[in-house]
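> If you scroll down you'll find the structure; I have some questions about it.
The values are calculated or read from the model by the stated rules, or taken from the named source; none is laboratory data. The shown structure was predicted, so the numbers you read here are calculated from the model rather than taken from an experiment. Every residue, glycine as well, gets a Cβ built from its backbone with ideal geometry; the counts of neighbours run over all protein chains shown. When the accessible area is computed, the model is the full protein with side chains, heavy atoms only, and any ligands, DNA or RNA have been set aside. Shrake-Rupley method; radii C 1.70, N 1.55, O 1.52, S 1.80 Å.
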Amino acid sequence: MVLEATADTDGGRNAAFLADGDRTRFDGMDLGAAGLLKASVRVASGASGTGTVELRTGSPTGPLLATFPISPTGGWQSWTTRTADVATHPAGPQTLFAVMRGATPGDFVNINWFSFDDGTGSGGTAPGWVGVDQAAWNAQPARFRAMTPAVVPAGTVRVPEFNATCAYSHSKPDDPIVVPGLPGASHMHSFFGNRSTDAFTTAQSLRADRRTSCTPAEDLSAYWIPTLYEGGRTVESDGMTVYYGSRLPDPSVTVPFPQGLRMIAGNAKSAWRPPSTGTSSTPGTTRPWDSG
């Protein structure tokens, strides 16, 4: 088995050259409360043979959690998602093993990711992953389109834009988008807006906590940027202004963002090596840039 660059959506790396008897291990996988669970695996196969991928708990020969049948997908970078229903599973953090069972000798599958969904919208996923309730998301714009807008008086100037001005709130080494549920897993961030924001923040928790540094106070969103340092000391911004606007030729067809939308800019794993001279950083160190 090796890790290679993937052509799948969102990029990254996939596990390749997987054959009968190969296995991978995942520690600290919290599948949520006991009950029904849907497990998924993203696979590609350019082989002529078939096989299965088994998910087992505790050890490579431990209780079987799910089995995914594998057949050719048309190429080693031609990706598809296989799913399996899990009737029961242990609660709390688990060690999971993915065990390959090839029907014939030789490589038969590449794997990009596994995911788990308990159907509640929380995802039933381990820390570091975010579950999405697609049905709930689709229902929100549907409700908006069903509304009857108020009549706009003649001669009224309409500008498809609003903004929020937010003061600095707090700092934490957290990122609830990139590394959700993993406090301290990020570089330091300066947070604006909702004062409750931390590694465990969700759309639901933002709506439940109305403390905000924004004007208008109705904006309960969370915003964050990488904390700025100068000479080893933090330099916090006084505030920021966030603009929301429509650039559609017909702004009347604009719809709201679904609640819980997450937006990411940048690459959390990108690093910059400063020159060997300078006063603002230590020579030879790397500096991560923001992705929140």
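> In square nanometres, what is one fourth of the surface area of the convex hull spanned by the alpha carbons of the range 40-118?
Convex hull of Cα atoms, orientation-averaged projection: 5.2 nm².
> Here is a further query. Using the basic label-point model (7 angstrom from Cα toward the beta carbon), what is the GLU161 to THR67 distance in nanometres?
With each label point 7 Å from Cα toward Cβ, the separation is 6.0 nm.
> Right, next: Once you have the Cα-Cα distance between ARG13 and ALA185, take 0.36 nm times their residue separation minus that, and quote the gain in nm to one decimal.
59.9 nm
> Quick one: with all protein chains in place, what share of the accessible area of the range 9-83 is carbon or sulfur, to the nearest percent (1.4 Å probe)?
Its accessible area is 50 percent carbon and sulfur atoms.
> Loop-only check: which trypsin sites (Lys or Arg not before Pro) in the range 142-198 are DSSP coil with at most 12 other Cβ within 10 angstrom?
Sparse-neighbourhood loop trypsin sites (Lys or Arg not before Pro): ARG158.
> Along Cα→Cβ, 7 Å out, is where each label goes; now give me the distance between the ones at THR234 and ASP250 in nm to one decimal.
Placing both labels 7 Å beyond Cα along the Cβ direction yields 4.9 nm.
> Same structure, new question: So between MET147 and GLU218, what do we pick up on full extension, going 0.36 nm a residue minus the alpha carbon distance?
Contour length minus the Cα-Cα distance gives 23.5 nm.
> Show me the chymotrypsin sites (Phe, Trp or Tyr not before Pro) within the range 195-266 that DSSP assigns to loop and that have at most 15 other Cβ atoms within 10 Å of their Cβ.
PHE200
> Note down the nm distance, to one decimal, between modelled labels 7 Å out along Cα→Cβ at ARG262 and at ASP85.
In this crude spin-label approximation the distance works out to 2.8 nm.
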